[in-house]
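Since every read-out is calculated from the coordinates, none of them should be taken as a lab result. Remember, predicted model here, so these are calculated numbers, not experimental data. Backbone-built Cβ (ideal geometry, glycine too); neighbour counts: all protein chains shown.
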């Protein structure tokens, strides 16, 4: 795992496409810019140096941290690498008052984030709002 490494532009499309995040692969220059402008980026590579996973997000380093992307190549999912990436973020930002992320509602996704101490806003009586440019 490497903190602060921005992957090479040619590495990104295959990682994002492997999990069907095609909105990111339509404009790889924009994706590269988004990574460069992120507050944090941690990457995971296999023994051969291939990019197998990534976490990135934004923070004011005081009150809020937003995990924008956590993704792993499908063959590397459920091996603990994603957990290691999120735990690195949590270790770097233990003082942050609120950490947030959006994910789909598959049971394995919900269980994964709950196992790391995240709570679904539904369980807290909170509403989360989302607006996206499509």
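Data table
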read-out	value
Cα radius of gyration and Dmax for the range 90-134 (Å)	12.2, 34
Residues residue 127 and residue 5, FRET efficiency given R0 of 25 Å [Cβ-Cβ distance, rounded to 0.05]	0.10
The chain: calculated mean residue ellipticity at 222 nm from DSSP helix runs of at least 4, using -39500 (n - 2.57)	-8500 deg cm²/dmol
Degrees between helix 81-92 axis and first principal axis of the chain (Cα, 0 to 90, nearest 10)	60 degrees
Which labelled figure in (1) 14.7, 46; (2) 16.5, 55; (3) 13.8, 41 is Rg and Dmax of the Cα atoms in Å, once derived from the coordinates	(1)
Residue 87-residue 116 pseudo-label distance in nm [points 7 Å out on the Cα-to-Cβ vector]	1.2 nm
Over 18 Å [Cα-Cα, the range 48-109], rounded percent	40 percent
